[in-house]
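See structure below.
Since every read-out is calculated from the coordinates, none of them should be taken as a lab result. Note that the structure is predicted; figures quoted are calculated from it, not measured. Don't worry about glycine lacking a Cβ; one is built from the backbone with ideal geometry, like all the others, and counts go over all protein chains shown.
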Amino acid sequence: MIEDYLSGSIRQSIERIRQLRGIVQSRFPREYDGLRQICLGKLDHILVEFNNLAAERIVDPTLQTPRRIRIFKRLVEQLNTVEGVGIFAINRVNVADTALNRLITEISTEINYPLINPVVSHMSQDYFHIYSEFHLLCLPLIESRFLLHMPDIYHELCHPLHRNLDLPNLEPYARAFKSSLFGMVAHFHREALAADRLRNQEARLFQIQLWRTCWAKYWMEEFFCDLFGVLTVGPAYAWAHYHLCIKRGGDPFTTPLTRETSHPADDARMRAMLSMLRSLRGFDSEADSIERAWREFVAAMAYRATAEYHLCYPDAQIDAITRAAKEGVDGIGIVAATSRTKARVRDSLNEAWRVFWNAPADFPAWEGAEVGKLLPPMAEALERP
């Protein structure tokens, strides 16, 4: 009976793939060509495996059926991901998505982005994030109608670099990133040896190993993406981090003691951003303002750095990462932000923060007009009855 079920369900899944291919093959703006090719490639691969499963001759059900069920479940999971992520983004294409994709093209041109542009979709149910396997950058539903969080796009543009470190044109960046990883491992190795010599409790050794794992698996990439954001958009990126921390963040000094976390402490991230901002030409005043605002926020909430925080995020480590990230990003020809060079999107995002602080009450009206300039097709659509 179970094989009869598999026979029918496999054929239904093959029909599902046929219909999904029909959606992907429909006419869409050219900005979606890359995502369409990715989805078609994944569908083709899954289809081949389903066809192989359907054609398999059953000789010994006791051996074959459990394996076939496991394969079937794996293929269904893969198909659900393609449908629920990539094809969902394609099928919901609208004026706002298309306008934002054209803005991404402009951003990529301004900063000399070294990879194919990701497709962008307003399909996030939380915050900015990227599906690397689909090269799909996701924003919340109406996020592009507002400007203060938009610098985080630049952070997300950096994540695909880390999926392509083997490309020849990214070699300087890869070298800088890997040297930072080696430096981090060496640092915590020394800390572990020191703790062992002092016969520190096992809990401290566990914490050092935990921090090293977090740095290697998650945090180093997040720091490099933050620093890429500061390098490419300037002060607006650090202000966006401040904005996000107040709206959604917790204790900015939180340091893991028992289990891994995917993102480093917000205060450590801000320290790195300010260090990078001061290394760029003409942003010292902005860096001072951001640092004052950050310290006021921390003091107002009575947040305090712990001894573990300082051990996990030492100044020397933050400074070394900042230098390496700048060297790596410069090495791949990214156009860095300066106070003297002009770039329409970057300048607009920095101007948004200047206007916000100069006249917070009047900001929404200015912001609406500025969005109309940056994303005119979307603004026109919003004005229609």
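A few comments on the model shown:
- The chain shape via C-alpha gyration tensor axes, a/c threshold 1.5: oblate
- Per residue of the chain, the DSSP helices (runs of n ≥ 4 H) give a summed -39500 (n - 2.57) that works out to -22000 deg cm²/dmol at 222 nm.
- Value of Rg to Rh for segment 262-385 (Rh from inverse mean 1/r over Cα pairs, i.e. Kirkwood): 1.05
- Inter-probe distance in nm under a simple model that places probes 7 Å from Cα toward Cβ, at R323 and R163: 3.3
- Using the Cβ-Cβ distance between R278 and L141 with R0 set to 35 Å, the FRET efficiency works out to roughly 0.45.
- Here segment 111-188 and segment 47-72 have alpha carbon centers that stand 39 Å from each other.
- Neighbour-count ranking [beta-carbon atoms within 10 angstrom, fewest first] of T338, T81: T338, T81
- Dipole magnitude for segment 167-331: computed about the Cα centre from +1 point charges on Lys and Arg Cβ and -1 point charges on Asp and Glu Cβ, it is near 260 debye.
- Computed from backbone phi with θ = phi - 60° and the Karplus coefficients 6.51, -1.76 and 1.60, the 3J(HN,Hα) list for segment 16-28 is 4, 4, 4, 6, 5, 4, x, 5, 5, 7, 5, 7, 9 Hz; x is used for glycine and proline.
- The chain: angle of helix 266-279 to the longest principal axis, Cα-based, in degrees nearest 10: 60
- Farthest toward the positive end of the dipole of segment 294-343, out of A320, A305, I332, is the Cα of I332, where the dipole comes from beta carbon charges about the Cα centre.
- Stretchable slack from D330 to R295, in nm (0.36 nm times residue separation minus alpha-carbon distance): 9.6 nm
- Assigned charges on the beta-carbon of Lys, Arg, Asp, Glu; segment 2-91 dipole about Cα centre (debye): 120
- Note on S124/Q78: beta-carbon distance plugged into 1/(1 + (r/R0)^6) with R0 of 22 Å gives a FRET efficiency of 0.55.
- Size of segment 21-146 from its Cα atoms: along the principal axes, largest to smallest, the extents are 61, 27, 27 Å.
- Environment charge of R30, counting only residues whose C-beta is closer than 11 Å and scoring Lys/Arg +1, Asp/Glu -1: +1
- Think of the chain as a dipole: +1 on every Lys or Arg Cβ, -1 on every Asp or Glu Cβ, centred on the Cα centre; then among G372, L6, I58, I58 lies furthest on the positive end.
- Added length on full extension, which subtracts the Cα-Cα distance from 0.36 nm per residue, I69 to I246: 58.9 nm
- Proximity of backbone amide H atoms, modeled 1.01 Å from N, is registered between M123 and L139 at under 5 Å, excluding neighbours fewer than 5 places apart on the same chain.
- Förster radius 56 Å - calculated FRET efficiency between N51 and D362, Cβ distance, rounded to 0.05: 0.35
- Full-extension gain in nm, E351 to A186, via 0.36 nm per residue minus C-alpha separation: 55.2 nm
- Shape of segment 213-267, Cα gyration tensor, a/c cut at 1.5: oblate
- Extent of segment 167-331 along its three principal axes (Cα atoms, max minus min coordinate, largest first): 48, 47, 23 Å.
- Taken along the Cα-to-beta-carbon direction at a fixed 7 Å, the label points for I14 and A369 span 6.2 nm.
- Charged side chains reduced to their Cβ positions (Lys and Arg at +1, Asp and Glu at -1) give the chain a dipole of some 580 debye around its Cα centre.
- Debye intensity ratio in log₁₀ form over the Cα atoms of segment 34-80, taken at each q of 0.15, 0.20, 0.33 Å⁻¹: -0.45, -0.68, -1.18
- By other beta-carbon atoms within 10 Å, ranking H189, H243 with the fewest at the front produces H189, H243.
- Spin-label pair D33/N94, simplified geometry with 7 Å Cα→Cβ offset, distance in nm: 2.7
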